[in-house]
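Down below is the structure, laid out as structure tokens.
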Amino acid sequence: MASAAHAPPRTKEHSPSPDAIKKEIVRRSFCSLATADADGAPHVVGINYQFVSGHFYFATGKRTKKVRNIRQNPRVAVFIPVRKYPIGPPWSIQFQGTATVLSRDDPEIVGLLKAGKLKNITRFGVLDKEPDACFLKVKPAKKIHTYGLGIPLLTLLRNIAQGDRTIDLN
């Protein structure tokens, strides 16, 4: 008889597809963005995002702590709450990634703005109100972690510790 330490790993049923995860990401616009400075001191902020062609974009000020941190350490983490039911915690999507700071006159940003692809993060006049506005571009890691998504509610309620999944987004 195999001991618990040598038992074969249990497979997790009901994993969401990469397309389902992308759909959830596109349907939302708010997340928590975590950065860390060169010494590893963490900083987390709530911020609106726009998901375009596999990248996350954020509008912010050049002098913000998140920009200073990213210039020192481009590694970031993102947490997107996904409310499915009116009670209990939200399901979630989370991942690590690499961030780049882009100026508002960067050709990539200019093209996205002209095409109207950054409306979620610029529609409140941020470019007019923030003279030092810049953009963050985050490339997510290949592996995306989720909680609760794609799992029937009754299955999850029977064992809430088994709600995590890892999805290959690419």
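One way to sum up the overall shape of region 18-66 is the equivalent ellipsoid from its Cα gyration tensor, whose semi-axes run 24, 12, 9 Å, largest first. Helices assigned as whole DSSP H runs in the chain whose Cα atoms extend at least 27 Å along their own long axis and whose mean Kyte-Doolittle hydropathy is 1.0 or higher are not found.
Put in order of Cβ neighbour count within 10 Å, fewest first, the listed residues THR155, THR122 become THR155, THR122.
When SER29, SER92, SER103 are sorted by how many other C-beta atoms sit within 10 angstrom of their C-beta, beginning with the fewest, the order is SER103, SER29, SER92. As a calculated quantity, the FRET efficiency between LEU154 and ASP132 at R0 = 41 Å, using C-beta atoms, amounts to about 0.20. In order along region 139-145, phi translates into HN-Hα couplings of 9, x, 4, 5, 8, 10, 9 Hz, rounded to whole numbers, per the Karplus curve 6.51 cos²θ - 1.76 cosθ + 1.60 with θ = phi - 60° and x for Gly and Pro. Simple spin-label estimate for VAL110 and GLN96 gives 3.6 nm between the two label positions (7 Å along the Cα-to-Cβ direction from each Cα).
Along region 53-63 the Karplus relation, 6.51 cos²θ - 1.76 cosθ + 1.60 evaluated at θ = phi - 60°, assigns HN-Hα couplings of 6, x, 10, 9, 10, 9, 9, 7, x, 4, 9 Hz to successive residues, with x for each Gly and Pro.
Against the empirical 2.2 N^0.38 Å (N residues), the chain has a Cα radius of gyration ratio of 1.19.
Laboratory data are not the source of any read-out in this text; all were calculated from the coordinates shown. Since this is a predicted model, take the numbers as computed values, not measurements. Glycine gets a Cβ as well: all are built from the backbone with ideal geometry, and neighbour counts include every protein chain shown.
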